[in-house]
1. Specify which residue in the list ALA55, LEU19, ALA170 is farthest towards the positive end of the charge dipole of the chain, using unit charges on the beta carbon of Lys, Arg (+1) and Asp, Glu (-1), about the Cα centre.
2. Projected area of the chain, taken from the Cα convex hull and averaged over every viewing direction, in nm²?
3. With θ taken as phi - 60° and the coefficients 6.51, -1.76 and 1.60, list the Karplus ³J(HN,Hα) couplings across segment 32-38 in order, rounded to whole Hz; mark glycine and proline as x.
4. Compute the projected area of the convex hull of the Cα atoms of segment 67-114, averaged over all viewing directions, and report it in nm² to one decimal place.
5. Dipole of the chain, Cα-centred, from +1 at each Lys and Arg C-beta and -1 at each Asp and Glu C-beta, to the nearest 20 debye?
6. Just to confirm the filter: which trypsin sites (Lys or Arg not before Pro) across segment 111-182 are DSSP coil and have at most 16 other Cβ within 10 angstrom of their Cβ?
7. Just subtract the alpha-carbon distance of GLU74 and VAL211 from 0.36 nm times their residue separation and send over the number in nm, one decimal.
8. Using every alpha carbon pair in segment 93-211, what percent of pairs falls into each 5 Å bin from 0 up to the bin containing the largest distance?
Amino acid sequence: MARVELVNLSKSFGEVKVLHDLNLTVEEGEFVALVGPSGCGKSTLLRIIAGLEDATSGEIVMDNEIVNDLNPRERNIAMVFQSYALYPHMTVEENIGFNLRISGVSKAEKRERARAAAETLGLTDLLDRKPSQLSGGQRQRVAMGRAIVRNPDAFLFDEPLSNLDAKLRAEMRDEIKHLHHKVKTTSIYVTHDQIEAMTLADRVVILKGGVIQQIGTPTELYRNPANSFVAGFIGSPA
Ligand code: ADP
Ligand code: MG
């Protein structure tokens with residue numbers, strides 16, 4: 001079943017059109033990377049899917065239901081950003097559990113679920129630490145814990161690793177893929193790094209100037225780039 005579908009989706013800011021008639025279907029369990037140069041509309045598209053921004057025209061469909069009018073919480077989508085924005089005065093456990101505060105769950109259940117999320121991410125030994133006592137990778141993991149604790153139907157990642165150094169980036173890349181399978185979720189992963197996209201994703205969407213250039217598996221894109229932009233961008237020999 002299609003978990004997330006975009007149908008003729010467009011977005012303008014005032015007179016400026018930044019997303020042009022996008023059509024995309026993301027199947028349940030799929031890992032899709034959205035890649036393109038800075039300013040091509042990646043973050044705007046993710047924010048529209050998450051419900052943080054309205055589309056100008058077109059539809060966002062989740063599990064066959066049009067969700068354009070649903071707020072972020074009603075869409076049950078989790079978003080992970082590059083800036084972790086953890087609460088400095090709260091422990092790891094409190095940070096992870098924070099998103100449950102207004103869902104009406106009991107204190108005991110909140111604790112239980114925060115601990116389960118921490119275990120999934122290998123953070124069990126760090127539950128009582130404050131963010132300042134964590135490494136960059138650990139902080140990123142707490143941010144992911146905060147996202148998975150609500151059992152979202154889909155994960156949206158907006159360049160979550162761009163603040164990390166190269167070694168840690170490679171490590172966290174593997175961890176995100178692992179997490180995707182472990183919690184059996186659907187992921188849309190935005191990056192401007194084509195290598196990250198090609199190594200992580202089941203399918204890759206190439207965006208340029210708010211227009212989808214091509215959608216395909218990494219192998220398809222590499223072997224059969226639709227145009228010279230795609231070829232150049234992913235370093236295909238064609
Ligand atoms: P990316 O994430 O691919 O770098 P963005 O989605 O952030 O690109 O931006 C796409 C385009 O939309 C850019 O030209 C940007 O300046 C513009 N833009 C983004 N947000 C706004 C906004 N709130 N108001 C006006 N223009 C915006
Ligand atoms: Mg962006």
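1. Farthest along the dipole direction, towards plus: ALA170.
2. So the Cα hull casts an average projection of 13.3 nm².
3. Those phi angles translate into 10, 9, 10, 10, x, x, 4 Hz.
4. Answer in nm², one decimal: 4.3.
5. Roughly 640 debye, rounded to the nearest 20.
6. ARG129
7. Full-extension gain reported as 46.5 nm.
8. 2, 10, 21, 21, 19, 13, 7, 4, 2, 0
Laboratory data are not the source of any read-out in this text; all were calculated from the coordinates shown. This is a predicted model, so every value here is computed, not measured. Every residue, glycine among them, receives a Cβ derived from its backbone with ideal geometry; neighbour counts consider all protein chains shown.
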